[in-house]
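The values are calculated or read from the model by the stated rules, or taken from the named source; none is laboratory data. These numbers come from a predicted model, not from an experiment. Cβ placement follows ideal geometry from the backbone for every residue including glycine, while neighbour counts extend to all protein chains displayed.
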Amino acid sequence: MERLVVIELSVIVPTFNRAERLRACLEALCEQSQPLRDVEVIIVVDGSTDGTREMLAQLKTPYALRIVEQSNQGQCAALNRGAEVAQGRYCLFLDDDIVATRHLLAEHLRTQNEKGGVVAIGQIAIRVPVHSDWFACGFARGWSEHYERLNQRTKRLTYEHCYGGNMSVPRSAFMAVGGFALDLPRGYDVELAYRLERYGLSFVYIERAMGVEDERKGLRELVADSENGGTASVEISRRHPPTLPLLMGTFSTIRPLERLLSRLLLALNIPALVLGMFGWILAKGPWAYRWYCFVHQYAYWRGVRRALPDRDTWRRLTHGTSILMYHAFGSSTEPASRFVIPGVRFARQMAWLKWMRYRVISLEEYLHCRRKHLLPPRRAVVITIDDGYEDNWTVAYPILHRYRFPATVFVVSQQMGGPYYSHIDSELNGRSMLSWLQVKELTRGGIAIGAHTRTHPDLTQIPPQQAQVEIAGSKRDLEQELQIPIHVFSYPFGEYNEQVETQAEKAGFLGSCTVRSGLNIPITPLHGLRRVEIWGTDSLVDFAVAVCWGKRREVLLKHLTSWKGRLQKGRFSNEMDTTRGDQ
């Protein structure tokens, strides 16, 4: 009596007018190390008119080959149709121009069985013809570097990287979430992966499940793909707001000069294809790949901007939020220093913010926007003050009150009402701290209070149990004394690590501030918020640079000098994710 064969894996290959490339795909599947009796291959012919049916009718394969025909409805409809008729526990979606290496099927099936059902992503090697244009060569290099980072485990796999040309999922989960969206021209694999993650599946990258793709697109087609990828990201984030940080929250991570150039070109509405034409000049030079990366990302962001509803949304998306950090405030007789800013200078800075029409918001409002996946107001600035010195009440508060600016004061809960003491030598040691009565008056005046530990230690240099007491204990102290919830935390000296970050989150804080400089953008961790320190000796120009760029002027100049040196030597490192526009 013949044993009943249980299909473990259904390989689904949609195709449209690619008969010869499909043949190569199917022939490679004949040479797999995986036993093929428990594998079926489903070809969904999406209205092909190039002899695909005849080629399939003549093909002899060691696996069960099933052919499904439909009128031309698009790739997503073909993929969904294949999954509907599939009999396997797992579905492997494979593009018809992918030539599988020997272990591709075995590795997907092994991973699914070992992990109990995941979104498994195989590796794709891009091969371009000898006479491909410079942009196609750059595309192949960027794709190769993307997988190299995954191979070296220097890049975390997320739904953003789930390319559907070599991806397997449990069929039951695929059907439960509704399959691929039929109304997305690009990014449908990313959108599906996000829904699968929400369904409870994790992502696994399989290095040995490699397929080889012959890329025959050139400059025009690849640039169009990048622009369409940006347009699709806007639609995906509209449907699923939590995807906004990963898909569209990285514009401010572009190098300053390249970011300025991108803004200028986008404002002038210069087509990415026009920029791509310059690549022919650089094709043999050391800057060719850098220019490819720039044009590729520019095309993506051009697609994003084109799809956004208005200019204000674009500005809010691409301009990060500066969080300013102050410490102590001096009287008219106290000299300025790094940590002590004269009241007159602070008043001048606040007047400048008002005059330049910056919108000063509270740290809590900023966190509310981030947690609700909303974009902060345009030209938003947050003011924070560390340690909680008495001059915060006597000098800073009247100025803040005059301009009706909110601020957050981070206080050391067990140094209230006494002299400040730090474990390191500091000019602030011995400075008078706020009393509990003054803190209560600040809260009644619209100033928020945050926790800054109990005794201001370096949390990375003390035992974890002690760090937990410092973090959670400071929150408890403040809430008991002030009878208000304390939502935000600041790391003493800005020192933190993954363990300290986790402790702050577990203590119930909604966000935590560091002293790492830079603008806060949608992908900035809520417990790793960036702040730019305002020195008491800063000029108004220094202050303006800090507000605009989230970095101090000397730091920006250092970056510019470094950029200039690399330009002269013709060396650039690739800091961009060059796969985004090709999802």
message: Exactly one of these conditions fails for Asn269: (1) assigned by TED's automatic domain parsing to the domain that holds Cys293; (2) surrounded by fewer than 19 Cβ atoms within 10 Å (Cβ to Cβ); (3) over 16 Å from Trp314 (Cβ atoms). Give me its number.
response: (3)
- prompt: Looking at the stretch 232-297, what helices (runs of 4 or more DSSP H) fall wholly within it and have at least 2 residues that are free of Cβ contacts under 8 Å to residues at least 60 places away in the same chain?
  reply: 256-267, 272-277
- prompt: Has the stretch 405-413 got at least one residue that is in contact with a Leu (Cβ under 7 Å, 6 or more places away or on another chain), of a type in the set (A, V, I, L, M) and farther than 30 Å from Pro242 by Cβ?
  reply: yes
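Going by the structure shown, is Arg53 in contact with a strand residue (DSSP E or B) (Cβ under 8 Å, 6 or more places away or on another chain), assigned to a helix (DSSP H, G or I) and either within 26 Å of Phe174 (Cα to Cα) or free of Cβ contacts under 8 Å to residues at least 12 places away in the same chain (or both)?
Numbers: in contact with a strand residue (DSSP E or B) (Cβ under 8 Å, 6 or more places away or on another chain): yes; assigned to a helix (DSSP H, G or I): yes; either within 26 Å of Phe174 (Cα to Cα) or free of Cβ contacts under 8 Å to residues at least 12 places away in the same chain (or both): no.
In short, no.
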task: Search the stretch 503-526 for residues that are touching a residue at least 24 places away in the same chain (Cβ under 8 Å) and pair each with any residue that is assigned to a loop (DSSP other than H, G, I, E, B) and among the hydrophobic types (A, V, I, L, M, F, W, C) when their beta-carbon atoms are under 6 Å apart and the residues are at least 6 apart or on different chains.
output: Gly511/Leu526
statement: Flagged in the stretch 489-520 as part of a loop (DSSP other than H, G, I, E, B), closer than 21 Å to Arg378 by Cα and of a type in the set (S, T, N, Q), in numbering order, are Ser517
- request: Could you please let me know if His296 is in contact with a helix residue (DSSP H, G or I) (Cβ under 7 Å, 6 or more places away or on another chain) and on the phi > 0 side of the Ramachandran plot?
  value: no
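Say whether the condition of being under 24 Å from the mean Cα position of the chain (by Cα) and surrounded by fewer than 19 Cβ atoms within 10 Å (Cβ to Cβ) is met by at least one residue in the stretch 326-338.
As a first pass, look at the stretch 326-338 and keep what is under 24 Å from the mean Cα position of the chain (by Cα): none.
No: the stretch 326-338 contains no residue that is under 24 Å from the mean Cα position of the chain (by Cα) and surrounded by fewer than 19 Cβ atoms within 10 Å (Cβ to Cβ).
Could you check the stretch 429-454 and list, in sequence order, the residues that are in a loop (DSSP other than H, G, I, E, B) and crowded, with 17+ Cβ neighbours inside 10 Å? First the steps, then the outcome.
Pass one, the stretch 429-454, residues in a loop (DSSP other than H, G, I, E, B): 429-431, 434-435, 445-447, 452-454.
Passing the criteria: Arg431, Leu434, Ile447, His452, Thr453, Arg454.
So that you can scan it fast, the table gives a plain yes or no per residue for (1) assigned to a loop (DSSP other than H, G, I, E, B); (2) at pLDDT 60 or above:
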{"site": "Pro522", "(1), (2)": "yes, yes"}
{"site": "His527", "(1), (2)": "yes, yes"}
{"site": "Trp535", "(1), (2)": "yes, yes"}
{"site": "Ala546", "(1), (2)": "no, yes"}
{"site": "Lys558", "(1), (2)": "no, yes"}
{"site": "Thr561", "(1), (2)": "no, yes"}
{"site": "Phe572", "(1), (2)": "yes, no"}
{"site": "Glu575", "(1), (2)": "yes, no"}
